[in-house]
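Engineer: Before we start, here is the structure in question, set down as structure tokens.
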Amino acid sequence: MPNPSVVLATAGYDHTVRFWEATRGICYRTLQYADSQVNKLEITPDKQYLAAAGNPHVRLYEVHTSNPQPVTSYDGHSGNVNAVGFEREGRWMYSGSDDGTVKIWDLRAGGYQREYESRGAVTCAALHPNQTELISGDQHGNVRVWDLTANACSCELVPEVGSAIRSVSIASDGSLVVAANSTGTCYVWKLRRGAKTTAHFEPLHKLNAHPNAYVLKCLLSPDCRLLATTSSDKTVKLWNLDGFKLERVLEGHQRWVWDCVFSVDAAYLVTASSDTTARLWDCASGEAIRVYSGHHKAAVCCALNDSAVDA
């Protein structure tokens, strides 16, 4: 079994999760996810586990093993789970679902410990770097901030009434929030740096990223220099946050591009598409330097952890 410092996984509608040797493009492990398609993947900060979100479960798998069975199944949602992620220390997990809830799960305990009602199918969620606030988006076009300390919704924004929020992203320094919707638009807000809470959103920019198409994922790069947007128009665009100028259009996928993830140094981007492939892009040149082929149906999610792990 490889024990890679770079953990790369993809999944989708063929009911499998595939692990890849990132540089060689070779699939070295395939997991069967029998119950449903896989909507979202996330790797724990310590690279030991992979969470796969389906309908309606979240399953946790060991990364460095040949064990094909999940070590834990998180059952509590009653619809598709569209968002999953981990707290920085890997102690707890969050999830968001079509059932209209956001849930918090302690990885050492059974069941979920907290539940927040969004009053609409939750399409996406992201954890603020302060680790005490979750930002979610829903089918009705609402962006909500959930204050985990106060255990309540501290802020609600509706950038475009009735236009579903598809994706949210928070800058690693806590300075910006981006929300992408199904009209191809990204809304960018400035957050007060160093503030204990993010209830103060200052509108910064409205970006018509993919006119007449859906933005399926928006993601701020770890160095807070770029915004990546993936779309139903088959392209991925890289925007420079200094003035929101279009820096690169990544072309090569043949169908919708559902997901993307940056390498920790922001030099590379991995994307997943309905054309059944994932691709590794060089952000500076805009070239696809690897194609990961092996899925038999749409690949709709990808996860990458290439960060240094403290021993």
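The values are calculated or read from the model by the stated rules, or taken from the named source; none is laboratory data. Note that this is a predicted model, so its numbers are computed, not measured. Glycine also receives a Cβ, built like all others from the backbone with ideal geometry; neighbour counts cover every protein chain displayed. Protein only, heavy atoms only, side chains kept; ligands, DNA and RNA dropped before computing areas. Shrake-Rupley method; radii C 1.70, N 1.55, O 1.52, S 1.80 Å.
Engineer: Considering amide H positions built from the backbone, and no H for Pro or chain starts, which residues 5 or more places from residue 72, or on another chain, come under 5 Å of its amide H?
Structural biologist: Result for residue 72 returns 60.
Engineer: Normalising by the residue count of the chain, find the relative contact order in percent from Cα pairs under 8 Å and 6+ residues apart. Don't jump to the answer; show the numbers that get you there.
Structural biologist: Numbers: 937 pairs, mean separation 41.4, N = 311.
Relative contact order of the chain: 13 percent.
Engineer: Moving to a separate point now. Taking amide hydrogens as modeled 1.01 Å from N in the peptide plane, which residues meet the under 5 Å criterion relative to residue 138, leaving out close sequence neighbours?
Structural biologist: 123, 165
Engineer: How many percent of all Cα-Cα pairs in the range 216-286 sit more than 21 Å apart?
Structural biologist: Numbers: 351 of 2485 pairs.
Of all Cα-Cα distances in the range 216-286, 14 percent exceed 21 Å.
Engineer: Moving on. Grab the Cα-Cα distance for residue 202 and residue 223, subtract it from 0.36 nm times how many residues apart they are, and report the gain in nm with one decimal.
Structural biologist: On the way: separation 21, 0.36 × 21 = 7.56 nm, distance 2.12 nm.
Contour length minus Cα-Cα distance gives 5.4 nm.
Engineer: Using a simple spin-label model with points 7 Å from Cα along the Cα→Cβ vector, what separation in nm is obtained for residue 287 and residue 131?
Structural biologist: Going from the residue 287 label point to the residue 131 one covers 4.0 nm.
Engineer: What whole number of Å gives the distance from the Cα centroid of the range 269-311 to the Cα centroid of the range 169-191?
Structural biologist: 22
Engineer: Still on this model: Could you tell me the accessible area of residue 186 in Å² (1.4 Å probe, neighbours in place), rounded to the nearest ten?
Structural biologist: Probe radius 1.4 Å; accessible area of residue 186 about 0 Å².
Engineer: What part of the accessible area of the chain, given as a whole %, is carbon or sulfur when the probe is 1.4 angstrom?
Structural biologist: Numbers: 5860 of 12760 Å².
Carbon and sulfur together cover 46 percent of it.
Engineer: Multiply the residue gap between residue 240 and residue 75 by 0.36 nm, knock off their C-alpha separation, and tell me the result in nm, one decimal place. Mind showing how you got there, number by number?
Structural biologist: Values: separation 165, 0.36 × 165 = 59.40 nm, distance 4.00 nm.
Gain on stretching residue 240 to residue 75: 55.4 nm.
Engineer: Once fully extended, how much extra length lies between residue 255 and residue 163, figured as 0.36 nm per residue of separation less the alpha-carbon to alpha-carbon distance? All intermediate terms of the calculation are to be shown ahead of the outcome.
Structural biologist: Working: separation 92, 0.36 × 92 = 33.12 nm, distance 2.23 nm.
Residue separation times 0.36 nm, minus the Cα-Cα distance, leaves 30.9 nm.
Engineer: Give me the net charge of residue 70's neighbourhood, meaning all other residues with Cβ under 13 Å from the Cβ of residue 70; Lys, Arg count +1, Asp, Glu -1. Show your work: numbers first, answer last.
Structural biologist: Values: positive: 59; negative: 35, 62, 75.
Neighbour charge sum, excluding residue 70 itself: -2.
Engineer: Can you tell me which of 59, 119, 108 moves the most in a GNM of the chain? Springs connect C-alpha atoms under 10 Å apart.
Structural biologist: Checking each option, the largest mean-square fluctuation is seen for 108.
Engineer: Leaving out ligands and nucleic acids, note down the accessible area per residue over the range 6-149 with a 1.4 angstrom probe, in whole Å².
Structural biologist: Result: 36 Å² of accessible area for each residue.
Engineer: What is the mean projected area of the alpha carbon convex hull for the range 113-200, to one decimal in square nanometres?
Structural biologist: Details: hull surface 20.9 nm².
Hull-based average projected area comes out at 5.2 nm².
Engineer: For the chain, modelled as a GNM with alpha-carbon contacts under 10 angstrom, which of 217, 40, 234 fluctuates the most?
Structural biologist: The residue with the greatest mean-square fluctuation here is 234.
Engineer: Same structure again: Amide H of residue 287 versus every other amide H placed in the peptide plane: which residues, excluding those fewer than 5 positions away on the same chain, fall under 5 Å?
Structural biologist: 282
Engineer: So what are the ³J(HN,Hα) numbers for the range 277-291, from phi and the Karplus equation (6.51, -1.76, 1.60; θ = phi - 60°), rounded to whole Hz, Gly and Pro as x?
Structural biologist: 10, 10, 9, 10, 10, 8, 5, 6, 9, x, 8, 7, 9, 8, 10
Engineer: With θ set to phi - 60° and the Karplus curve 6.51 cos²θ - 1.76 cosθ + 1.60, what are the ³J(HN,Hα) couplings of the range 75-91 in order, to the nearest whole Hz, using x for Gly and Pro?
Structural biologist: Here the 3J(HN,Hα) series is 10, x, 7, 10, x, 3, 9, 9, 9, 8, x, 10, 5, 4, 8, x, 7 Hz.
Engineer: Of the GluC sites (Glu not before Pro) in the range 227-311, which ones lie in a loop per DSSP and count no more than 16 other C-beta atoms within 10 Å? Could you put the intermediate results ahead of the total?
Structural biologist: Values: sites: 247, 251, 287; in loops: 251, 287.
Sites meeting the loop and neighbour criteria: 251, 287.
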